[in-house]
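The values are calculated or read from the model by the stated rules, or taken from the named source; none is laboratory data. Since the structure is predicted, the reported quantities are computational estimates derived from the model, not experimental observations. Cβ atoms come from the backbone with ideal geometry, glycine included; neighbour counts cover every protein chain shown.
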Amino acid sequence: MSKTLLSSITSITGIVVTGIATLAMNTPVQAIPNPQPSAILSELSVKISDFDNIPQLIAQTQGKTGPQTTTTSSAAAIALAKHLTEQKAVLYVAYWCPHCHRQKQLFGREAVSSLTIVECAPGGVNPQPQLCQDKGVTGYPSWEINGKMYAGTRTLRQLARLSNYQGNRNF
């Protein structure tokens, strides 16, 4: 391997190590004196092992909100979402959770905007992990309806039944 190529790889690897450590621990990595490829790889593996929260790191690079809800809401889904909000129902989610995204997709974009949603993951937008812990949230998504907790993705029909929704059920 040429000295120039090795120097470029060393420089790039140092930048990657610094970037990863800064994101993961919010502190810069000390420069490696006279970097050698083995020292860089050793430093890189140590920093990767220091990750406490991979989902939080992902959030820092992807906006902390998770995927956007892209489906269109039916009139019945919007009415159910408004009913759930009136009943003080709460949806507990984590931005990195694919099941939470699926739950929101069942409602659709317009209906989701009517729901009361609490972010439980520390890396998310407006996180409330202590509230989630106090409520006994053990999995995502979780629903609190009429004072009871329900873990897991629920169909709109199930949510209508659990909340005593009497409106249009053409979901």
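Quickly run through segment 65-89 and pick out the residues that are surrounded by 19 or more Cβ atoms within 10 Å (Cβ to Cβ) and modelled with pLDDT under 95.
66
In this structure, does residue 133 turn out to be surrounded by fewer than 15 Cβ atoms within 10 Å (Cβ to Cβ), free of Cβ contacts under 8 Å to residues at least 60 places away in the same chain and part of a helix (DSSP H, G or I)?
yes
In a strand (DSSP E or B) and not hydroxyl-bearing (Ser, Thr, Tyr): is that true of residue 118 in this structure?
yes
Can you tell me which of (1) among the hydroxyl-bearing types (Ser, Thr, Tyr); (2) crowded, with 18+ Cβ neighbours inside 10 Å; (3) assigned to a loop (DSSP other than H, G, I, E, B) is the one residue 92 doesn't meet?
(3)
So is residue 83 under 14 Å from residue 66 (Cβ atoms) and part of a helix (DSSP H, G or I) or not?
no
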